Amino acid sequence: PSLFDSPAERYEKARQSVQHFTLVQLGKCCSDTESDLPRYVVHSYNFFLFPSTLGIRDVEFTLSASSIQFLSHYGFDYNKFLKDGIPYMNEVQEKILRQHLLAGTWKVCSNADRDVLKKAIDDVTSWIAAAKEEDTMILQDLNGYQMLDVQLVLRQALENVWTEPLGDTKIMVKKVSPEHRQLLENSSYDHCQKKLILLSARGFTNLFQILVKAKKPLVGHNMLMDLMHLHDKFYRPLPESYEEFKKNIHNLFPVIIDTKTVTKYVQKVRCTYLFLKTKNLTHPLLFSSNLNPKGPPCPVIALASGCSRYAEKKFPHEAGYDAFLCGSVLLMSAHLLLCRSTDDAVEADPSFSQYLTVLAEHVNKVNFIRGGVSSINFSGEDAPCHHPPALVVRVRGWPGLTERQIYHEFKARCRFDVRRLSKNQFILLSNKYKQVRLVLRDYRHHPHLQVSIYRHWRHSPSVNCLLQ
């Protein structure tokens, strides 16, 4: 990320990354209020995901070594991701699969264990040679998507077998004539109908579409990359146009709230609250009853029965736990803003609609990390960022200097983003006024680098060209 980045430039950078990487885990946390108790009851879910392997093409994706190391440090279960990950696909991938299903040209790129699949094929081929029509055998100890994968592979390989699931872990295999097999395939009793194959291949995308239809507020933290992955993996490949991306996301989720944007604002107006000044969403004060000692108590957040795991232990960087923290931060922040926004006493148990009212100015504004705007507005124009004045560095007697060398020259004192202005001039951008003052002072008498405030009419090559 660079302070020089416009939203469109940053989007293009991130778009290239999103297209190459996959999702391994997604957290969803929803809550409702109990009518007889002043508290929010939270239902938190953690989904392991894996790209759908049903289709004409196998999916390729990238993993970065540092990310793998980071997730391993926090106990990420790679076996669950690889073996039991829920499949997903976007609309384009679904259209291709649908076309191949109708044409009968699709194939299975199985995500079942190779050993499991090989054993099933070996067992059936050994048995069927001596079996008579209507004889049956049982395949056992299967789980998850192995149930569908094994049936599809057996049916593709052998035209005289029929398969039916028995519960969640067993498959009944029957020897039938090809004619009988054709009748069974066209019946409503077929558990591998094309529509069921498509439903299975869509996997998590089915839930995504339910969330889209619900039109509930979507809450995240620093959520630009999250939104891009949601669009690319479950909706459509990311468009080249930044404006089209914004329009699509707004149509999918009309109300978006980024807790990073909200807490940055709360820091300005209510900076005495320590948990909102920290970047760590697991700060203990988040759940303290003394967070707002002079006003009504903060909303009570209770985990629903069956979701109490996160109440007993912290699971940082597990998606479901992060989603739980994110929603908690939103409620606490909204409560503080509500207490501040009214001169009258706030009622003991404010409703969520009251919280949404005080959050209105932050709705659809997603934090933009270190760039040319402060936030991306998904329902309007992006808000410009007010940086300290840019600096221009004029090089004398130091030929061949590059942007990287300039960056390392100033890095020892403070962090600037660097862009070449002309053959012997560079622009420096910082987001801290103190750093600008420090560099102007320390480089006042430098033998090779002359640093001054950038003036467009004086330093712009296009303006100089016009004047000349």
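Please determine, by comparing only the residues of the stretch 418-433 that are over 31 Å from the mean Cα position of the chain (by Cα) and not in a strand (DSSP E or B), which one is surrounded by the fewest Cβ atoms within 10 Å (Cβ to Cβ). Spell out how you get there, then give the answer.
Quick first cut of the stretch 418-433, residues over 31 Å from the mean Cα position of the chain (by Cα) only: 420-428, 433.
Then drop every residue that is not not in a strand (DSSP E or B), which leaves 423-424, 433.
Numbers: K423: 9, N424: 14, Y433: 11.
Taking the candidates together, the pick is K423.
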Would you mind listing the helices (runs of 4 or more DSSP H) fully within the stretch 121-232 where at least 2 residues are among the aliphatic types (A, V, I, L, M) and under 35 Å from the mean Cα position of the chain (by Cα)? 146-157, 194-202, 204-214, 224-230
Residues that are open to solvent by 50 Å² or more (accessible area, probe 1.4 Å), charged (D, E, K, R) and at pLDDT 80 or above: does the stretch 219-231 have at least one? yes
Residues being surrounded by 14 or more Cβ atoms within 10 Å (Cβ to Cβ), in a loop (DSSP other than H, G, I, E, B) and modelled with pLDDT under 90: count how many of those fall in the stretch 350-376. 4
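Okay, residues lined up against (1) farther than 22 Å from V212 by Cα; (2) open to solvent by 40 Å² or more (accessible area, probe 1.4 Å); (3) among the hydrophobic types (A, V, I, L, M, F, W, C):
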residue: Q16; (1), (2), (3): yes, yes, no
residue: Q25; (1), (2), (3): no, no, no
residue: C29; (1), (2), (3): no, yes, yes
residue: L63; (1), (2), (3): yes, yes, yes
residue: F76; (1), (2), (3): yes, no, yes
Test for I56: is it touching a helix residue (DSSP H, G or I) at 6+ places or on another chain (Cβ under 6 Å) and either at pLDDT below 80 or assigned by the TED database to the domain that holds N160 (or both): yes
Might you let me know whether the stretch 243-252 holds any residue that is surrounded by 15 or more Cβ atoms within 10 Å (Cβ to Cβ), of a type outside the set (S, T, N, Q), under 22 Å from F352 (Cβ atoms) and modelled with pLDDT of 95 or more? yes
How many residues of the stretch 125-152 are within 17 Å of L184 (Cα to Cα) and either without any contact (Cβ under 8 Å) to a residue 12 or more places away in the chain or not charged (D, E, K, R) (or both)? The answer is 4
Counting only residues that are open to solvent by 30 Å² or more (accessible area, probe 1.4 Å) and among the hydrophobic types (A, V, I, L, M, F, W, C), how many does the stretch 136-158 have? 4
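Given the structure, is R415 open to solvent by 80 Å² or more (accessible area, probe 1.4 Å), charged (D, E, K, R), within 30 Å of T259 (Cα to Cα) and assigned to a loop (DSSP other than H, G, I, E, B)? Show your work before the answer.
On the way: open to solvent by 80 Å² or more (accessible area, probe 1.4 Å): yes; charged (D, E, K, R): yes; within 30 Å of T259 (Cα to Cα): yes; assigned to a loop (DSSP other than H, G, I, E, B): yes.
Considered against the rule, which asks whether it is open to solvent by 80 Å² or more (accessible area, probe 1.4 Å), charged (D, E, K, R), within 30 Å of T259 (Cα to Cα) and assigned to a loop (DSSP other than H, G, I, E, B), R415 comes out as yes.
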If we scan the stretch 186-204, do we find a residue that is exposed (fewer than 15 other Cβ atoms within 10 Å of the Cβ), of a type in the set (A, V, I, L, M) and modelled with pLDDT under 90? yes
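The values are calculated or read from the model by the stated rules, or taken from the named source; none is laboratory data. Quick caveat, the model's predicted, so the values are computed rather than measured. Every residue, glycine among them, receives a Cβ derived from its backbone with ideal geometry; neighbour counts consider all protein chains shown. When the accessible area is computed, the model is the full protein with side chains, heavy atoms only, and any ligands, DNA or RNA have been set aside. Shrake-Rupley method; radii C 1.70, N 1.55, O 1.52, S 1.80 Å.
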